[in-house]
1. Check VAL266: other-chain or 5+ apart residues with amide H under 5 Å from its amide H, H built from backbone geometry?
2. Pop a pseudo-label 7 angstrom from the Cα along the beta-carbon direction at both LYS165 and ILE197 and give the gap in nm to one decimal.
3. Relative to the longest principal axis of the C-alpha atoms of the chain, give the angle of the C-alpha long axis of helix 17-26, reported between 0 and 90° and rounded to the nearest 10°.
4. Length gain on complete extension for the stretch ASP15 to ARG290, per 0.36 nm per residue less the alpha carbon to alpha carbon distance?
5. Would you mind telling me the share, in percent, of accessible area of region 151-303 contributed by carbon and sulfur at probe 1.4 angstrom?
6. Given charges of +1 on the Cβ of Lys and Arg and -1 on the Cβ of Asp and Glu, with all other atoms neutral, how large is the dipole of region 134-287 about its Cα centre, in debye to the nearest 20?
7. At a Förster distance of 35 Å, what's the computed FRET efficiency of GLU26 paired with GLU99, Cβ-Cβ distance as r, to 0.05?
8. Per residue, how much accessible area does the chain have with a 1.4 Å probe, in Å²?
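The values are calculated or read from the model by the stated rules, or taken from the named source; none is laboratory data. Nothing here was measured: the structure is a model prediction, and the numbers come from that model. No Cβ is skipped: glycine too gets one built from the backbone with ideal geometry, and neighbour counts run over all protein chains shown. For the accessible areas, the whole protein counts, side chains as well, though only heavy atoms, and no ligand, DNA or RNA atoms are used. Shrake-Rupley method; radii C 1.70, N 1.55, O 1.52, S 1.80 Å.
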Amino acid sequence: MSTDWQSVALLARSDTAEALSDALLELGALSVSIEDADAGTERECAQYGEPGEKLQAVWPTSRVIALFAAGAELAPAVAAAAEAAGLQQPPAYTTEVVEEQDWVRRTQSQFDPIPITEKLWIVPSWHHAPDPQAVNIVLDPGLAFGTGSHPTTRLCLEWLSAQVKGGERVLDYGCGSGILAIVAAKLGAARVLATDIDPLALQAAAANAAQNAAPIALADAASPLPDSAAGFDLVVANILANPLCVLAPILLGAVRPGGRLALSGVLQTQVDQVCTAYAAGCRLEVRAARDGWVLLEGLRLPC
């Protein structure tokens with residue numbers, strides 16, 4: 001008995017992509033994804049979600065890809081989905097047989113060890129460390145953001161590698177997978193506190209810290225920081241521009257006068273907005289940039 005599947009891919013306008021997706025699921029699709037039909041071309045349309053900002057409806061032209069069981073009738077499903085989405089006729093589509101694969105092995109093959117600096121690597125658990133003498137952080141892709149591959153994470157990791165000399169108190173605000181906090185601890189920070197509003201992120205951070213024997217403390221960022229969470233030598237937050245602006249009083253209050261604050265998750269076009277939000281307590285400057293993202297850094301001014 002075959003365990004293959006079949007997929008159908010069709011083009012859709014931005015105002016019909018979601019309706020087609022929902023209809024295909026109702027008609028028996030096992031999964032449906034929506035992609036930018038112009039991805040990889042000069043017309044590719046990147047989207048970045050910010051809290052409080054409304055995204056456009058998907059992309060101007062989207063590719064809707066639905067996965068069906070091997071024996072499903074695709075033509076009637078596409079026709080019925082088009083009718084449900086209010087289209088006068090079914091869109092053109094292509095089909096493809098999706099063969100059974102070892103999906104775990106295939107997924108793992110996409111993640112290799114990541115060199116951050118000459119002496120700092122992020123290594124998935126199924127790989128051997130390329131340099132056993134380096135600081136090797138064992139970290140697998142999971143539910144929480146932060147595996148070292150995203151430009152903003154790399155910017156923060158490079159910053160920590162340059163700043164942590166040993167004995168510092170470090171706050172990782174919005175820790176995701178805990179990667180920044182774990183690296184700070186492994187580099188020799190004396191005390192590391194990691195916070196996040198997502199319970200799954202805190203669970204992932206705790207598990208990753210245990211796997212790396214990294215002594216970090218965890219706290220729910222939805223609650224006020226503990227009284228002991230003031231006077232950090234280094235505060236790093238890799239979030240997004242809008243929440244960083246809202247969090248300015250909290251983050252400024254956590255770093256000691258003369259301590260360093262590093263913020264990432266900020267696009268080049270958002271630098272002035274974030275710098276203005278922190279101007280009363282810290283003169284932020286662009287310290288590094290990668291792929292349109294920046295890391296802002298500054299010294300905490302005397303209170």
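1. For VAL266, the qualifying residues are VAL294.
2. 3.6 nm
3. Roughly 70 degrees, rounded to the nearest 10.
4. Numbers: separation 275, 0.36 × 275 = 99.00 nm, distance 3.33 nm.
Contour length minus the Cα-Cα distance gives 95.7 nm.
5. Ligands and nucleic acids excluded, carbon and sulfur give 56 percent.
6. Computed about the Cα centre, the dipole is about 400 debye.
7. Calculated transfer efficiency: 0.85.
8. 51 Å²
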